[in-house]
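Encoded as structure tokens, the structure appears first; notes follow it.
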Amino acid sequence: MVSAWIDAARRPLPRLIGTRLALSLLMLLVVSMLIFAGIQLLPGDAASAILGQSATPAARQQLELRLGLDQPALSRYLSWLGGMLRGDFGVSFSSGQPIAAALAYRLNNTLFLAGCTALIAVPLALLIGLWSALHRGSVLDRGLNALTRAAVSLPEFFSGYLLILVFAIWLGWLPSSAAVFGEMPLSTRLYFIALPCFTLILAVLGHMANMTRAALLAIQQESYVETARLKGLSPWCVLRCHVLPNAWPPIINVIMLNLAYLIVGVVIVENVFVYPGLGQYMIDGISKRDIPVIQACGLVLAAVYIALNLLADLLSILANPRLRHVD
Amino acid sequence: MSIKHLTAAELVAAAGLCLFLACTLLAPWLAPYPPDQVVGFSWAAPSQSAWLGTDNLGRDLLSRLIWGTRISLVVTLAAALIAFALGVLLGFIAGLRGGWIDQLICRCSDVVMSIPTLIWALIVLSLLPKTLPMIILVLGLIEANRVMRVARSLAMDISTQGFVEVARLRGERLRWILWREIFPNALTVLLAEFAMRFIFIMLFLSALSFLGLGIQPPTPDWGGLARENKDGIIFGVWAALLPGLALACLAVCINVIVDGVLSRRSTPGARPRVPGLSAALPVSSAVDVQAADAEGVGEKNG
């Protein structure tokens with residue numbers, strides 16, 4: 001502990017956090033360039049993608065003028081980026097509405113779904129992981145292992161539709177689509193997202209629990225844990241004072257990664273349950289060739305993902321003083 | 001290794017794998033109908049003429065499933081091969097050369113890794129023509145990144161071994177060292193990684209097809225079949241579940257077999273070529289300790 005304090009004094013934490021933050025911002029900038037370049041510069045230009053191959057040259061020219069495609073790419077990128085920074089995400093091609101409002105609403109929905117899932121899945125995963133690490137080799141432990149392996153290879157469009165078939169069609173307990181809207185009271189909203197939430201929990205629970213277990217088991221094999229055990233500490237005390245403090249960083253990492261996956265990877269689940277989230281918005285944008293929407297969604301999803309990874313980094317630094325002087 | 005030494009689970013997995021292989025290779029002969037032939041009403045129940053019933057347009061579901069297996073697996077295999085050729089090459093060069101080449105490759109990989117693969121694929125495929133070669137190329141290039149990470153850490157581990165040092169001092173060229181020293185020693189881990197990558201690419205491809213951005217109808221593939229039949233769920237038709245089930249079965253079969261092969265490799269009798277390597281490196285399925293470090297989860301779809 002003392003060495004940690006000394007270390008913290010030598011390399012001030014704010015500076016470390018600042019470095020990580022700057023790196024993440026840089027990453028986001030590069031990603032924004034790639035997203036822009038990916039859409040603007042790839043073969044198959046926007047105008048013919050929207051109008052189809054058989055468009056007349058006049059129509060194409062008019063569209064290009066309207067999209068500002070006559071400007072050089074660099075200036076288009078800068079004005080796009082500048083707009084993003086001011087919260088102006090442009091105007092949707094298909095609906096003619098500003099994207100920012102729709103985007104905020106969708107992001108809110110996605111965060112709500114992911115948040116509800118996390119509130120259930122994270123504590124549950126920690127408990128299961130802890131339990132199976134303490135009872136290693138028991139039936140439940142081995143069952144968990146098998147289940148996790150199966151769940152990793154189960155596509156969401158399978159588990160989602162299976163849940164719909166069982167709970168919505170055969171049993172009739174829950175609604176099959178999660179079409180929530182603005183003024184829904186919280187209880188109704190929760191009722192509507194029960195099935196997508198369940199699907200997502202299935203997707204992340206096993207992985208988190210298994211990683212928690214693996215992290216705990218790895219620490220339990222260390223000699224200092226054996227020493228603690230041999231000097232007669234109770235199992236609970238060994239766990240609390242010696243195992244957990246060292247197991248937190250990897251566990252936090254796994255949890256944050258799963259959360260990142262929840263927010264970004266829900267695209268399929270949102271599609272299965274027709275949930276008005278960000279992923280669904282992006283897929284709609286793609287099917288309508290709505291380039292500003294695709295770009296905005298891509299960038300927001302990337303930003304959320306990078307932010308969660310940054311948070312994972314920072315939390316594991318805070319949880320483990322030793323990580324502070326790794327680099 | 002004779003058949004007697006296999007466990008029951010491995011036998012079942014091997015049989016399952018053979019079934020999928022048979023579907024892939026022999027689809028034209030195994031499938032009772034051509035994939036596009038309409039044989040009845042839409043979503044008819046299973047019957048003598050159509051064993052699994054029909055799909056949304058009245059085509060035989062079993063035939064489409066068999067043809068879909070063929071398309072899905074061939075595309076996945078091609079993408080996995082591209083990912084491996086490129087990933088292993090770049091990873092070995094980065095791991096062995098170090099210096100600015102390593103930095104360049106790693107920073108590029110960081111950027112690609114910084115947002116989930118599914119989002120990349122969505123952005124890139126939103127405007128590109130969604131032909132088979134293009135899909136294979138996009139999947140292969142995106143997945144090459146993760147292969148590169150594994151290959152690089154393998155190459156770095158192996159290159160600290162004495163025999164590589166000796167080869168270097170002997171004045172062997174980089175290509176010789178890569179091919180004759182690093183590659184044979186990395187093979188086991190790379191094969192395990194290949195199997196895992198294959199599963200992920202398969203999931204990735206069917207996710208894309210399910211979202212309508214992968215293989216385009218009427219060509220059948222697993223994700224596309226789920227997409228076409230998803231409305232049937234409301235009427236209690238389980239056609240949309242079959243491709244997902246097939247995919248999961250194949251993934252479990254591959255997992256069991258890879259685990260079996262790896263556990264035999266690391267038994268005391270079969271000495272790993274590089275001491276300590278088999279213990280320290282990622283083996284088997286997606287749920288492994290190593291995956292915890294920073295790259296684990298986004299994998300599944302991301």
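For this structure, a couple of remarks:
- A cut-off under 13 angstrom between Cβ atoms defines the neighbours of B:Ala246, and their net charge, with Lys, Arg +1 and Asp, Glu -1, is +1.
- Of the trypsin sites (Lys or Arg not before Pro) in region A:171-243, those whose Cβ has at most 13 other Cβ within 10 Å and which sit in DSSP loop: A:Lys231
- Helix B:117-127 vs. chain B, principal-axis angle (Cα, 0 to 90°, nearest 10): 60
- Heavy-atom surface of region B:1-137, accessible at 1.4 Å and reported per residue (Å²): 49
- Computed from Cα atoms, the angle from the helix A:73-85 axis to the main principal axis of chain A rounds to 60 degrees.
- Taking chain A as a Gaussian network of alpha-carbon nodes connected by springs under 10 Å, the highest mean-square fluctuation of the residues A:Ser287, A:Ser176, A:Ser159 belongs to A:Ser287.
- As a fraction of the 1.4 Å probe accessible area of chain A, surface on carbon and sulfur atoms comes out at 68 percent.
- Accessible area buried at the B-A interface, both sides summed, 1.4 Å probe (Å², nearest 100): 4700
- Remark: region A:65-134 carries 54 Å² of accessible area per residue (probe radius 1.4 Å; ligands, DNA and RNA excluded).
- Burial of 10 Å² or greater, region A:286-303 residues [accessible area, probe 1.4 Å, versus chain by itself]: A:Ile286, A:Arg289, A:Ile291, A:Ile294, A:Gly298, A:Leu301, A:Ala302
- Shape class of chain A from the alpha-carbon gyration tensor: oblate, with a/c at 1.5 or above and b/c at least as large as a/b.
- Chain B has equivalent-ellipsoid semi-axes of 40, 23, 15 Å, by the square roots of 5 times the alpha carbon gyration tensor eigenvalues, sorted largest first.
- Here chain B is assigned +1 on the Cβ of each Lys and Arg and -1 on the Cβ of each Asp and Glu. Its dipole about the Cα centre then comes out at about 740 debye.
- In this rough spin-label picture, where each label sits 7 Å from Cα along the Cβ direction, the A:Leu74-B:Met134 distance is 2.9 nm.
- Modelled this way, with points 7 Å down the Cα-to-C-beta line, the labels at A:Ala218 and A:Cys237 are 2.8 nm from one another.
- Equivalent ellipsoid, the protein assembly as shown (semi-axes from 5 times Cα gyration tensor eigenvalues, Å): 38, 32, 28
- FRET efficiency for A:Leu25 and A:Leu119, using Cβ-Cβ distance with R0 set to 35 Å, rounded to 0.05: 0.75
- 0 to 90° range, to nearest 10: angle between helix B:241-265 axis and chain B longest Cα axis: 30
- Per residue, the average separation of C-alpha pairs within less than 8 Å and at least 6 apart gives chain A a relative contact order of 26 percent.
- Sparse-neighbour loop sites [trypsin sites (Lys or Arg not before Pro); region B:141-184; at most 11 other C-beta within 10 Å; DSSP]: B:Arg170, B:Arg173
- Simple Cβ-charge dipole of region B:7-119, Lys/Arg +1 and Asp/Glu -1, about Cα centre, in debye nearest 20: 140
- GNM flexibility winner over chain A from A:Val254, A:Val31, A:Val204 (Cα, springs under 10 Å): A:Val31
- Using a simple spin-label model with pseudo-atoms 7 Å out from Cα toward Cβ, B:Gln48 and A:Ala58 lie 6.4 nm apart.
- Exposed-loop-free span, longest in chain A, where chymotrypsin sites (Phe, Trp or Tyr not before Pro) count as exposed if DSSP calls them loop and at most 12 other C-beta atoms lie within 10 Å: A:1-172
The values are calculated or read from the model by the stated rules, or taken from the named source; none is laboratory data. No experiment lies behind these values; they were computed from the predicted model shown. Don't worry about glycine lacking a Cβ; one is built from the backbone with ideal geometry, like all the others, and counts go over all protein chains shown. SASA here: full protein model, heavy atoms, side chains in, ligands and nucleic acids out. Shrake-Rupley method; radii C 1.70, N 1.55, O 1.52, S 1.80 Å.
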